[in-house]
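A.B. asks: Just passing along the structure, written as structure tokens.
Bear in mind that the values in this text are calculations on the coordinates, not laboratory data. Everything quoted here is computed from the prediction, not taken from an experiment. Positions of Cβ are generated from backbone atoms using ideal geometry, with glycine treated the same way; all protein chains shown enter the neighbour counts.
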Amino acid sequence: MKKTLLIFVFVIVANIPRTQALTKNKITLEINKDSLRIAELDQFWAELSRTVREGDFEGYAATYHEDAVVVMASRKNKTSIPISKALAGWKQGFLDTKSGKNKSDVVFRFSQRIGDDTTAHETGIFVYTSSDSNGENAVQYRVHFEMLFVKRNGKWLGVMEYQKSYATEEEWNALKN
């Protein structure tokens, strides 16, 4: 009995490093999946910013799923509308930017980024700025937001944009990387 117990203990002790190595590899794989998703979504946000800056309405619209919903709770009149209706309201701003009549930009910072291979939910603050072509009559909005995504055919698409409330400059600065 003592001999059997000794062999059993030896087998367990001998396999501890192997078990730790397998566990370590699994953790690394999960971190790499998160890193890949975040890198892909960083590209999404960079593209979204580019479309706003350049007035690329079609490019901007292409970042959303056709059935996406926009929830605007930061405004006096809170509303939830289909992306098609939101885009119709935003289109003139894109056209004015594209023609050079306006200058526009949007920048994002994040407080939470979660998801898996085909879904994601990101929370943060965006700062949208717009002015006339001379930089006059500038407006700036800092807004707490959430965005829900699905990945279809290798492309991330927004399915829900929730503009929660206005953010302060201090809240914005707290999200610096």
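A.B. asks: Rounded, prolate or oblate: pick one for region 62-177, where a ≥ b ≥ c are the square roots of the eigenvalues of its C-alpha gyration tensor, a/c under 1.5 means rounded, and failing that, prolate if a/b is larger than b/c, else oblate.
C.D. replies: Here region 62-177 falls in the oblate category.
A.B. asks: Sticking with this structure for a sec: Answer rounded, prolate or oblate for region 84-146, using the Cα gyration tensor with square roots of eigenvalues a ≥ b ≥ c: rounded when a/c is under 1.5, else prolate when a/b is larger than b/c, else oblate.
C.D. replies: Prolate, since a/c reaches 1.5 and a/b exceeds b/c.
A.B. asks: Using packing as a proxy for protection, rank 103-109, 90-96 so that the peptide with the highest average count of other Cβ atoms within 10 Å comes first.
C.D. replies: On the way: 103-109: 17.4, 90-96: 15.7.
Highest-to-lowest ranking by the protection proxy: 103-109, 90-96.
A.B. asks: Using the per-residue mean of other Cβ atoms lying within 10 Å as a proxy for protection, in what order, highest first, do the peptides 115-121, 71-77 fall?
C.D. replies: 115-121, 71-77
A.B. asks: Please give me the summed charge of the neighbours of Asp96: other residues whose Cβ is under 10 Å from its Cβ, Lys and Arg +1, Asp and Glu -1.
C.D. replies: +3
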